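Here the structure is laid out as structure tokens; the discussion comes afterwards.
The values are calculated or read from the model by the stated rules, or taken from the named source; none is laboratory data. Being a predicted model, the structure only gives us computed values, none of them experimental. No Cβ is skipped: glycine too gets one built from the backbone with ideal geometry, and neighbour counts run over all protein chains shown. Areas reflect the complete protein model, heavy atoms only, side chains present, ligands, DNA and RNA absent. Shrake-Rupley method; radii C 1.70, N 1.55, O 1.52, S 1.80 Å.
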Amino acid sequence: MNGAAMEGEVPIHSLDRAGTAIAYRQSPGTGPGIIFLTGFRSDMGGAKAVALERWAQAQGRAFIRFDYHAHGASGGDWEDGSIGRWRDDALAVLDRVAQGPQILVGSSMGGWITLLLALARPDRVAGLLGIAPAPDFTERMIRPRLGPAELEALERHGRFIAPSAYDPAGYPITKHLLDEAQSHLLLAKGSNPIPIRCPVRLLHGQCDPDIPWQTSLDLAAALESDDVRVTLVKDGDHRLSRDADLSLMLQLAGELATA
């Protein structure tokens, strides 16, 4: 299925996964290809995804961006969403759409998903680029902030609405999301090193109000790969979507693509 596209824009295609239509855009080119993985409640139309696509097209490099279940142009009920489900959406794109080795670029939650993909398909992942990566954000950032009202809402209704600077309506956080995520934690105290050995680049703003920049340092220390570099942007926020931030992202993606 193809969606309507503006002139010059890559058309939307649809991948069926477990009865849900997963929307994606794919540009042909050489390998290793690049797949962009969005953040929580974000979609593939964001500035980083589009900038990376245009850069890949100019380089003649294969590129894919997509929306998880219940995100953006994809189908599905938000209440059914979880880290495992979104990881499996990404695996379906990797297995059924992409060809050959891929560089995975993940923003925020997408950084967590890229790690899970690299663990599941180490032979398909040529490198990882995390932009304000948020592994374990459900346990590190959400659970510690739960107050009596949120805990009661989770127990009685299975969800609560978290305020967000990016959406005046707030974000629905479900008990299913929090509970299911526990089986995908990577940085929990006492965890073993993360057996990912491909090159990894991490980009994080030190003015990030959502995911502390120390998360990238913790992740770098936990990875088994020796080829890990962290780039900190002193005045950078969580989105890292300014022109200078996007230039840094493209520079790091190019470094991985030509390694």
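Structural remarks
- Residues of region 10-60 that are more than 16 Å from residue 89 (Cα to Cα), touching a strand residue (DSSP E or B) at 6+ places or on another chain (Cβ under 7 Å) and among the charged types (D, E, K, R): 48, 53.
- Qualifying residue in region 38-58 (condition: in a loop (DSSP other than H, G, I, E, B), open to solvent by 30 Å² or more (accessible area, probe 1.4 Å), over 30 Å from residue 170 (Cβ atoms) and modelled with pLDDT of 95 or more): no
- Counting only strands (runs of 3 or more DSSP E) that sit wholly inside region 64-171, those with at least 3 residues that are over 23 Å from residue 10 (Cα atoms) are 125-131, 159-162.
Here is a yes/no grid of residues against (1) acidic (Asp, Glu); (2) assigned to a helix (DSSP H, G or I):
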{"site": "179", "(1), (2)": "yes, yes"}
{"site": "189", "(1), (2)": "no, no"}
{"site": "196", "(1), (2)": "no, no"}
{"site": "203", "(1), (2)": "no, no"}
{"site": "216", "(1), (2)": "no, yes"}
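- Check on residue 217, over 23 Å from residue 35 (Cβ atoms), aliphatic (A, V, I, L, M) and touching a helix residue (DSSP H, G or I) at 6+ places or on another chain (Cβ under 9 Å): no
- Boolean, residue 171 is open to solvent by 20 Å² or more (accessible area, probe 1.4 Å), of a type in the set (Phe, Trp, Tyr), touching a Lys or Arg at 6+ places or on another chain (Cβ under 6 Å) and closer than 21 Å to residue 39 by Cα: yes
- Residue 81 being open to solvent by 10 Å² or more (accessible area, probe 1.4 Å) and of a type outside the set (D, E, K, R): no
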